[in-house]
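**Q** The structure that follows is given in the form of structure tokens.
The values are calculated or read from the model by the stated rules, or taken from the named source; none is laboratory data. Predicted model, so just to flag it, every value in this text is computed and none were measured. Quick reminder, even Gly has a Cβ in these numbers, built from the backbone with ideal geometry, and neighbours come from all protein chains shown. Each accessible area value is taken on the protein alone, full model and side chains, heavy atoms only, with ligands, DNA and RNA left out. Shrake-Rupley method; radii C 1.70, N 1.55, O 1.52, S 1.80 Å.
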Amino acid sequence: MTDLQKKGSYPVAEAGLQSVSDLDDDDKELEALGYVPSFKREFSNLATISFAFSIMGLCSSVATTFNTPLLLGGPASAVWCWLLGACMCFTLGASIAEIVSAFPTCGGLYTATAQLVPIKHRARMGWFVGWLNILGQVAGISSTEFGLSNMIWAAVVVAKGGDYEITQGKVVGLFVALLVLHGILNSFATRHLARFTQGFVFVNLGTTFLIIICLLAKTPRHEMHAAKYVFGSDGIVNQTGGWNTGIAFLFGLLSVQWTMTDYDATAHISEEVRRAAYAAPSAIFIAVIGTGTIGWLLNIVLVLCSGPLENLPGPSGSAFLEIMAMRIGKPGALFLWTFVCLTAFFVVQTALQACSRTVFAFSRDHGLPDREYFGHNSSLTQTPLRAIWLTTFVSILPGFLDFASPVAANAIFSLCAIALDGSYIIPIALRRIYRNHPEVQFKPGPFYMGDGLLGWAANINCILWTCFIIVIFSLPNVRPVTKDNMNYASVITLGVVILSGFWYMVGGHRHYHGPRSNLQDHAHDAKANGSITKEPVDDAA
């Protein structure tokens with residue numbers, strides 16, 4: 001009998017049924033968590049690491065958000081906020097990795113949350129974290145695709161020498177078309193997705209290093225900014241219109257926090273990963289360290305070669321692209337920009353795959369009022385096609401905010417960080433709060449920081465840091481505050497939390513009782529087809 005069977009989390013033993021098929025260690029671990037393997041494990045170590053790097057999309061994510069620190073807090077904000085945020089993200093990434101190692105299921109931290117609290121709280125906490133996590137993932141898909149659409153149109157403006165008008169219709173239209181394309185690509189079988197994903201990391205990091213080298217090589221030494229501008233007080237420029245300089249400086253955290261989020265995306269494909277308990281958390285940790293370190297170097301070089309601040313963001317609206325065009329020349333900049341856009345394309349590809357698996361897991365656990373309709377795998381591709389297209393459709397909706405207000409559309413960037421990071425710290429905190437509860441027996445996976453000073457320090461630090469940045473990201477970026485520049489991220493997040501809570505009280509509690517084992521259902525179906533044998537379960541095992 002497994003540990004979870006002993007704890008009463010899943011009534012597997014009652015079925016008294018065992019599959020006669022030989023399961024590898026990964027699938028045995030998944031069955032111990034209460035689930036029948038639903039996917040083919042096609043992701044190798046390289047593909048998994050590439051997936052983890054690609055979900056952050058270093059150069060494209062920096063390109064998308066570089067305007068915020070540069071134009072609100074100044075050049076020094078871009079440099080120091082990245083370093084500060086990256087160091088804090090190391091602790092969050094490590095804390096997530098040890099939970100993913102213990103619960104390698106496609107439900108990720110949503111499934112883990114319900115196992116880290118007493119039985120009476122499992123349904124409520126699973127429901128709350130599940131919806132918060134899905135909200136953050138949808139916001140991440142939408143914001144990245146929206147940023148990619150703007151990046152492509154920015155390239156058109158530069159190519160035409162600034163003589164081109166970008167309308168909201170063009171941006172949203174391209175946004176929708178790109179998301180539909182991603183839905184189609186995600187509909188392929190897992191083996192194709194794994195092969196496709198393997199090369200992402202080389203494009204992502206290779207493009208970043210090429211940009212760094214080209215900028216340094218093409219910028220004359222006398223035109224590079226002094227160290228006091230890059231790292232010192234000369235580079236702190238408050239352009240918020242009313243916030244004090246300290247708050248303006250901290251707005252620079254949006255870039256690093258938006259880039260270094262969605263850590264648990266790798267967990268959501270863990271049922272498709274070989275040696276998931278090792279590979280998934282290791283990939284998260286490696287990607288966090290690599291993205292944080294290389295990203296800081298990229299920000300330093302961008303500021304060093306940025307030229308006069310008053311000339312940015314330029315006609316294209318992208319300070320990143322204007323700096324490249326100024327230093328490398330228009331043809332070279334547009335050539336490299338193609339790969340930056342390709343990196344953003346990879347981010348959405350991986351993010352949509354991860355989010356669809358979360359929707360699949362939530363539906364499988366009866367978290368949606370769909371009678372497991374979206375918790376179904378296609379017999380043709382062995383992937384959740386219904387969940388993929390539901391995720392695609394829902395991710396399109398936030399893009400239409402651009403018709404109401406560009407500021408409202410930009411709120412989905414902050415919304416992504418608020419919702420995702422908020423859903424991360426809840427299971428991290430619960431694991432510590434209920435560590436001695438008799439109904440909660442956390443069984444560490446291979447990646448584990450321990451219960452000593454290191455583990456506690458990392459957990460507490462990431463919880464406090466996330467609470468802090470949620471406050472910062474809820475503030476309007478400029479003052480005075482009007483309906484046109486209001487930051488709607490906190491309003492949307494709070495609205496979803498309230499609506500999901502109301503839904504749970506009214507009807508959700510009737511069909512959702514927390515993550516549920518599907519072993520008995522599978523055993524019953526298999527028995528009906530004559531493909532299993534009934535054997536007594538050894539309770540002493």
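**Q** Could you list, in sequence order, all residues of the range 342-373 that are small (Gly, Ala, Ser), closer than 17 Å to Tyr110 by Cβ and assigned to a helix (DSSP H, G or I)?
**A** Matches in the range 342-373: Ala351, Ala354, Ser356, Ala361, Ser363.
**Q** Hey, does the range 56-78 have a residue that's more than 29 Å from Ile396 (Cα to Cα), hydrophobic (A, V, I, L, M, F, W, C) and in a helix (DSSP H, G or I)?
**A** Yes.
**Q** When the residues of the range 376-413 are narrowed to those that are within 19 Å of Gly107 (Cβ to Cβ) and either open to solvent by 60 Å² or more (accessible area, probe 1.4 Å) or acidic (Asp, Glu) (or both), which ends up modelled with the lowest pLDDT?
**A** Per the stated criteria, the residue is Gln382.
**Q** What number of residues within the range 241-295 are at pLDDT 85 or above and over 18 Å from the mean Cα position of the chain (by Cα)?
**A** 13
**Q** I've got another one for you. Hey, does the range 360-368 have a residue that's under 13 Å from the mean Cα position of the chain (by Cα) and touching a residue at least 40 places away in the same chain (Cβ under 8 Å)?
**A** no
**Q** Pull out all pairs, ordered by first then second residue, where Cβ-Cβ is under 9 Å, the residues are six or more apart or on different chains, the first lies in the range 305-325 and is closer than 18 Å to Met151 by Cα, and the second is acidic (Asp, Glu) and surrounded by 17 or more Cβ atoms within 10 Å (Cβ to Cβ).
**A** Leu312/Glu322; Pro313/Glu322; Gly314/Glu322; Pro315/Glu322; Ser316/Glu322
**Q** Step by step: first the residues of the range 244-300, then only those that are charged (D, E, K, R) and over 20 Å from Ile469 (Cα atoms), then the one that is surrounded by the fewest Cβ atoms within 10 Å (Cβ to Cβ). Which residue is that?
**A** Looking at residues that are charged (D, E, K, R) and over 20 Å from Ile469 (Cα atoms), I get Arg274.
**Q** Answer with yes or no whether Gly314 is of a type outside the set (S, T, N, Q), within 23 Å of the chain's Cα centre (by Cα) and surrounded by fewer than 23 Cβ atoms within 10 Å (Cβ to Cβ).
**A** no
**Q** Could you go through the range 108-121 and let me know if any residue there is touching a helix residue (DSSP H, G or I) at 6+ places or on another chain (Cβ under 6 Å) and open to solvent by 10 Å² or more (accessible area, probe 1.4 Å).
**A** No, the range 108-121 has no match at all.
**Q** Sticking with this structure for a sec: Checking the condition touching a helix residue (DSSP H, G or I) at 6+ places or on another chain (Cβ under 9 Å) and without any contact (Cβ under 8 Å) to a residue 12 or more places away in the chain, which residue from Asn459, Asn436, Asn410 passes?
**A** Asn410
**Q** Take the residues in the range 122-142 that are among the β-branched types (Val, Ile, Thr) and over 18 Å from Ile428 (Cα atoms); name whichever of them is surrounded by the most Cβ atoms within 10 Å (Cβ to Cβ).
**A** Taking the candidates together, the pick is Ile141.
**Q** Just give me the residues in the range 347-375 being crowded, with 24+ Cβ neighbours inside 10 Å, of a type in the set (A, V, I, L, M) and over 17 Å from Ala139 (Cβ atoms), in sequence order.
**A** Hit for the range 347-375 is Ala361, nothing else.
**Q** Now for a different question. Considering Ala15, Ala76, which residue is open to solvent by 10 Å² or more (accessible area, probe 1.4 Å), over 21 Å from Leu109 (Cα atoms) and either in contact with a helix residue (DSSP H, G or I) (Cβ under 7 Å, 6 or more places away or on another chain) or at pLDDT below 90 (or both)?
**A** Ala15
**Q** Going residue by residue through the range 177-197, is there one that turns out to be under 30 Å from Leu304 (Cβ atoms) and without any contact (Cβ under 8 Å) to a residue 12 or more places away in the chain?
**A** Checking the range 177-197: not a single residue is under 30 Å from Leu304 (Cβ atoms) and without any contact (Cβ under 8 Å) to a residue 12 or more places away in the chain.
**Q** Sort out which residues of the range 150-166 are touching a Gly at 6+ places or on another chain (Cβ under 9 Å) and either free of Cβ contacts under 8 Å to residues at least 40 places away in the same chain or open to solvent by 40 Å² or more (accessible area, probe 1.4 Å) (or both), and write them in order of number.
**A** Asn150, Trp153, Ile166
**Q** Another question, then. Answer yes or no as to whether Ala429 is at pLDDT 90 or above and closer than 18 Å to Met260 by Cβ.
**A** So Ala429 fails the test.
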